[in-house]
1. Multiply the residue gap between ARG234 and VAL923 by 0.36 nm, knock off their C-alpha separation, and tell me the result in nm, one decimal place.
2. Quick one: if the Förster radius is 45 Å, what FRET efficiency do ALA530 and LYS141 give, using the C-beta to C-beta distance and rounding to 0.05?
3. Given Cβ point charges of +1 (Lys, Arg) and -1 (Asp, Glu) and nothing else, what value in debye, to the nearest 20, does the dipole of segment 188-292 about its Cα centre take?
4. Taking the Cα centre as origin and putting +1 on Lys and Arg beta-carbons and -1 on Asp and Glu beta-carbons, what dipole magnitude results for segment 374-451, to the nearest 20 debye?
5. Gap in Å between the Cα centre of segment 129-184 and the Cα centre of segment 951-992?
6. Please give the direction-averaged projected area of the C-alpha convex hull for segment 334-491, in square nanometres with one decimal.
7. Considering only Cα-Cα distances, which of the following residue pairs are longer than 19 Å: LYS660/LYS688; LYS811/LYS876; LYS792/LYS834; LYS811/LYS993?
8. Residue farthest toward the positive end of the dipole of segment 496-572, with Cβ of Lys/Arg at +1 and Asp/Glu at -1: which of LEU515, VAL538, ALA496?
Amino acid sequence: MKVLSPHRIVAALLLSLPAFSTAEMRKWTSKAGTSLEAEMTGVDVTARTVTLKKADGSAITIPIDALGDADKAYAAAEWKKMQSMPATPAPAPATPAPAAPGAPAAPGAPAAAKPAAAPTASAKPAPPRPSLTIIPAKSFKAPNSADYISKVLKVRPRLIHAQPGWTYLKGLVATDPLFAKMVANLKAGAEKLLEAPELTRVFGEVQGTNTPGSQALFRMATLGTLHFLDGDPRWKERGIREMIAITDPATFQNWYVDEPAVTADFLIAACLGYDYFRDGFTAKQLADVKLYILEKGIGALSAHIKGEPVPASARGKAAGVEDAPKAKAPAKGAPKKAAEDEEIDAEHMTMASALLLAAVCFSDDDPGAARQAVDGAAKVFGKGMTRFAPAGLWPEGLEAGDIVLDYASMLLQTLKANTNGDFGFSMIEGLPQAGLARVHLVGPFGSLFNYGDSNSTSLPRSWVTTWLAGQHGNFGSKALTAGAAPAATSSNLSLAGHILYYNPHAAGDGAKESLDYGFAGGQIAALRTAWDQAAYYVAVKGGDNSIPTSQLDLGTFILEAAGKRWGIELGSESDRAPGFEPKAADRSKRYQLYVEGTPGQNTLEIGQEEEPPAAKKGAPPPKPVISTNQSLDGKSSLLFVKSTPEVGMAALDLKDAYSKSAKEATRGVMMVRSPKSYVVIQDDLIIKNSTNVTWKMHTRAEVAVDGTSATLTDAGQKLHATILSPPGATFITEAAPEPPNEQMKKLTNIRVLKGGRYAGMSRLVFALFLLAAPLFADTQEPASYEGDFIIKASYRYLLSKPDGYEADSAKRWPLVLFLHGSGERGTDLEVLKKHGPPKLVAAGQKFPALIASLQCEPNELWNPHGVKALTDHLIKTERIDTSRVYLTGLSMGGFGTWETAFEYPDTYAAIAPVCGGAGVRWVTASRLKNMPAWIFHGNKDGAVPVENSHKIHDALQKIGAPVKLTIYPGVGHDSWTQTYDNPEFWKWLFAQKRP
């Protein structure tokens, strides 16, 4: 995909028409005076371009405004002819049907699409994805109110599809077996619907997503689809009866006017029925239906979206009551007006889409009502559609985004049916990425990343994926199946949605191009090892805590492996829990609920000072309140996402989330793809004080901890976790807390794995992997050496060999010798694993070299002749590349590195002394003129003065030796941790080679 500047925007989707066979070859002349012979084959009304076909068969696209006046007029006349041409139904299965204007077509594909194959065990691949021209969200210019209704067709039907679109779909019934089966299943469900009574009002509180309004939408979409595709008069007759039922004031006093989302569903359903079955009503029925829609639908939602009181006419009245009842209090969850500086939420987008559909429906029957609907909705919809940028995710979450796209797709498809364009909405940055996000945010076992206020395990409105595939191609979704006959109590578009949006991309399996997903500046990254059910999968999120419906979950993650979700999201709290109301004045009450606040997330808990309560008169000032919740207005986005065949990486900036307690906070996630795959989660922090930090992961598995290791067990599978940093950190585990109130969510059989509580640490690194035994087993073998070389030498040492060492008996490998500091002297080789390379090897880090870690006897110093003796012994007994032997050491080992290098400058390819010194050896610096050296030291080192390193560095630099010096500002004696943790150091070391 590419993002172009506004002056180069070209709409490339769903705008091509069948070639106009009667167009003539003629001379076209631009305003600049250039000309060419060509015939006109198409017009892109959104991009204002005309496509011309030259005599040699090549095509050229030029701006309409670049044409002379005569050519403009000719193009306009030809375009009208093209629009008026009826689509030709497919004569036989072997002949593809042409895509009619407004019909779902493959983006960038030929207008005549080949029929999809019948469903089999393995579907055929979807067509290749087209090259898309994306409009940057910041550059998008939304249409004004009048644009939505200025070019509406004067004939019906006009909602979702005009007549050419229905003709196209009807042709597919005879040519496409999969499509025919879907229609047959829809018909079977509708037969059951005919046996059920018409919809009636359900009294009491409306909860859940299967509401009377969503059922009304399902019924009207199903009956309307079959009316056009099947032709049985029973569908129209039942549709009219349903319309009369839902617009009867005696049955429906109103459309649940205090629940705007339910009202929106009723309005869309009624508009579909009015548009599809209008000619079947009597004059009186039509007048009554229309009045009800205008008052109870458009009137109610127009008031809601503007933040105004709902008019009495929208509320209606019960039988025998003179005046309509007034609302006793603001409706629960009623939306406020979306101010200019406010973000649009999913409920506003639902209302806006419904109002704009109503405006198209009534643009000619009642222009005043159409204008009323558009005026409240146009700005909201235009602004809201840019919120999918940059990565295709709605900020409130995947489930809320699913709802937004469901209603938006009905409107955009309607706009295309009426104008052959959608004002560029489907090409705004974020929309073309939405299909990609929907593929990657589902784990290998088919479960959704249910972050935020979502309990769904999958996206319930799957027909949105079908619609997106028709706009942008298939980013990896499986091919459609025929589904099953829907129940009479189904909701929303259901199976009818897949039929309405059917296209070749959705009918075939999509190709997945990457194992990883995420965009710098976006809010979620997802990494995996493969696309099968047994793959490793980790997804991590940023986002915006200031969104009223957000949980305080920046940095939270989920983890899957072997078909199980080990790291889980707890979903949402019940909206009946005390203090939950997301639009309450004091949002902090909501986040006292475990599931909604930071403690209930798989992220860090860091104590933060909150605003203290107001001081009472005469009382001392209250003490600061410390909470582990993230900032209520914190934001987080991805710093980078990197993907290679071997590894996937992503990092989130969490500084804003913990702004009161941390100067810096970054969470990195790495997926290592190898025969022994594993996940690393690394948190880098600069804490302002000694605040405790806790790492957390919620799981349904049994958990056993053993110091720095933990084992999670679920149905015989085991997941191992290891703390790689900080030193001395340990795991603990506990049960999730019991709810303090019986209405709150119960978290039975859920456990919390914690990374302990440590004050003042700067880095936490955790590795998680699924194996029969821990992945990071220590590969270092103890060994010893005794021999004579100038002196009598005796050393114990640890030796680690690289992967593949035993497999290739001819290959020779680099050798790194490590000299420890004074604190690791003795007779216990295990103490060597406290610092430096032996610590890294013990933690599982792999090196493309042998690593020999020597140990001095108690009270001894490093002797360069003894180090040389062991070096020669290893060269003799192991397969060593003698041109790549390296020497490094810390503190006392740093001094030993200098001493050994000065004595034997021709043995080692490079040296790396850390916080050591060369003493008076600097006067003989010429001995190391050709020795590559990288020196490290902290400028606050109180044990070994940093001047030691400066002195030898300056002496070597003066004679032109290949020497480097790194001084760590503010670092004391421990300058080795960040040295040996730095991949750039190892990259430099292994690049050195003796001639």
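The values are calculated or read from the model by the stated rules, or taken from the named source; none is laboratory data. Computed from a predicted structure; not experimentally measured. A quick note on method: Cβ atoms are made from the backbone with ideal geometry, for glycine too, and the neighbour counts reach across all protein chains shown. SASA here: full protein model, heavy atoms, side chains in, ligands and nucleic acids out. Shrake-Rupley method; radii C 1.70, N 1.55, O 1.52, S 1.80 Å.
1. Fully extending the segment from ARG234 to VAL923 adds 237.6 nm.
2. After rounding to 0.05, the efficiency reads 0.60.
3. With Lys and Arg at +1 and Asp and Glu at -1, about 220 debye.
4. It works out to roughly 140 debye.
5. First find each Cα centre; the distance between them is then 64 Å.
6. Computing the convex hull of the Cα atoms and averaging its projections yields 11.1 nm².
7. LYS792/LYS834
8. Comparing the listed Cα positions along the dipole, VAL538 ranks first.
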